[in-house]
Amino acid sequence: MRQKKYILPESEIPTAWYNIQAIMPNKPLPILNPKSRAVLKPEDLYPIFCEECAKQELDQTNEWIPIPEAVREQYAAYRSTPLVRAYELEEALGTPAHIYFKNEGISPSGSHKLNSAIAQAYYAKQQGITNITTETGAGQWGGSLSYAAKKFGIECAVYMVKTSFNQKPYRRSIMQTFGAAITPSPSMSTRAGKDILTVNPNDPGSLGCAISEAVELALTTPNCKYAVGSVMNHVCLHQTVIGLEAEKQMAMAGEYPDIVIACFGGGSNFCGTAFPFMRHTILEGKKTRFIAAEPTSCPKLTRGKFEYDYGDEAGLTPLLPMFTLGHNFKPASIHAGGLRYHGAGVILSQLMKDGYMEAQDFPQTETFKAGILFARTEGIIPAPESCHAIACAINEAKKCKESGEAKTILFNLSGHGFVDMGSYDKYLSGEMFDYKLTDEELQQYIASADALNK
Ligand SMILES: *Cc1c(COP(=O)(O)O)cnc(C)c1O
């Protein structure tokens, strides 16, 4: 019988995360203090983040960062996640390509985000922190942090983007089940929220705005730190457990990927999947294509600009050198809530600039079509975010059919879609629409970042 699923024995689960900063030919540009423009030091991040995370954020020398024992114990509850050969999908497409996917949807929170939530909650506990706060879009990150905080005995407060709060009530219940307190954002509980609601009382919210609210709470509450679900270097670091496992699992299958694909919100599941493989490209000249799959309506990598910008809408974060659509970008209300973010991680932005990776964009109806084919062939209903990676993998597999090349494609299935059936309903009943930004709108949004680079 053909082997379909690859699982690692516990002794093979990674004991260190991979820090690609240590080997990058061009290091990322420095992160800057928004007021003084001074290069940021770890201490500058201590008011917001746990100290260990702040150090990891700016570490450009240590290639391997040990995974603490207590974190590995929590990982053991669901890792390794399976690597699966998608034979049925290959057959449905009639492609000679070998398609593999890494299934992060089996985690207790249903997505890859738990990999970093566990690490951040652990470091907070270590440091004597009692309260942790964050934002969440689709609710995946909030659910992950709620669970991780509970595991380490910390209180968790989550600002949830208002559109998602209304569209995805079950994600809210999941967070409450795990014991977190949830506030829809924008809210009147912070200055950042009040400012936005005063201009537009019906503001649907955005990740940028929710970040502003959570950071403000962390800065104004004693013994409270902010935890972040994507974009930042330390988050991408924690996610490398995905690619490190996948590398070993691909070896079990006797393969090495020609193409590595992940969907793209701020970059954490992409970086986590790609970087362990990309190290062989940088160090040994291996030829692998790395493709970030983003929504057409939020095209930071395909149409954004590389320059300094804020990570949040209110301009509370340091200035990050990254591909951005401008910090006041207002994304369309697409169903892949976790991809509605204006910027991209600093490390991958540099790697993108240096030609180590590429990006493609997909309209949401195409992604749901892909997700449904995947569900019918592989038996897993994917998260709307993950549907972008599937659409991209299908695209590449179809190209293989045309050219007759049997390429090996690996994509990350970042999460399952059981709590996203409302979105599937919309697609299935023909009530889902695509959004595209005009060049004019794009230029207007990017101007908010341009202003910071004068
Ligand atoms: C949050 C999320 C994403 C996007 O975030 P990245 O940091 O870009 O990985 C993708 N898929 C799922 C299931 C998510 O929850």
Residue within segment 189-204 that is within 23 Å of S109 (Cα to Cα) and open to solvent by less than 60 Å² (accessible area, probe 1.4 Å) present: no
Residues within segment 297-326 that are within 16 Å of E440 (Cα to Cα) and open to solvent by less than 30 Å² (accessible area, probe 1.4 Å), tallied: 8
Failed item, numbered, when A124 is tested on (1) in contact with a strand residue (DSSP E or B) (Cβ under 7 Å, 6 or more places away or on another chain); (2) closer than 26 Å to S386 by Cβ; (3) in a helix (DSSP H, G or I): (2)
Which listed residue is open to solvent by less than 20 Å² (accessible area, probe 1.4 Å) and in contact with a helix residue (DSSP H, G or I) (Cβ under 6 Å, 6 or more places away or on another chain), from I381, I394: I394
Single match in S116, S109 (criterion: part of a loop (DSSP other than H, G, I, E, B) and crowded, with 19+ Cβ neighbours inside 10 Å): S109
Within segment 315-327, tally of residues that are at pLDDT 90 or above and either not in a loop (DSSP other than H, G, I, E, B) or not aliphatic (A, V, I, L, M) (or both): 9
Selection status of A138, part of a loop (DSSP other than H, G, I, E, B) and either under 14 Å from I182 (Cβ atoms) or within 12 Å of the ligand (Cβ to nearest atom) (or both): yes
In segment 424-450, residue least open to solvent (accessible area, probe 1.4 Å) [restricted to those that are at pLDDT 95 or above and among the small types (G, A, S)]: A449
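Select the helices (runs of 4 or more DSSP H) contained entirely in segment 178-271, then report the ones holding at least 3 residues which are within 19 Å of the chain's Cα centre (by Cα).
Filter on segment 178-271 gives 207-220, 233-252.
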Where a residue in segment 51-64 is aromatic (F, W, Y) and its partner, wherever it lies, is open to solvent by less than 60 Å² (accessible area, probe 1.4 Å), with Cβ under 9 Å and at least six apart: W64/A16; W64/W17; W64/Y18; W64/N19; W64/A22
Residue in segment 413-425 that is more than 16 Å from the ligand (Cβ to nearest atom) and in a helix (DSSP H, G or I) present: yes
Matching residues, segment 119-151, being within 20 Å of A70 (Cα to Cα) and open to solvent by 10 Å² or more (accessible area, probe 1.4 Å): Y122, Y123, K125, Q126, Q127, G128, I129, T130, N131, Y147, K150, K151
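The values are calculated or read from the model by the stated rules, or taken from the named source; none is laboratory data. Since this is a predicted model, take the numbers as computed values, not measurements. With ideal geometry, Cβ positions are generated from the backbone for all residues, glycine too; neighbour counts draw on all protein chains shown. Accessible surface is based on the protein model in full, side chains and every heavy atom, while ligands, DNA and RNA are left aside. Shrake-Rupley method; radii C 1.70, N 1.55, O 1.52, S 1.80 Å.
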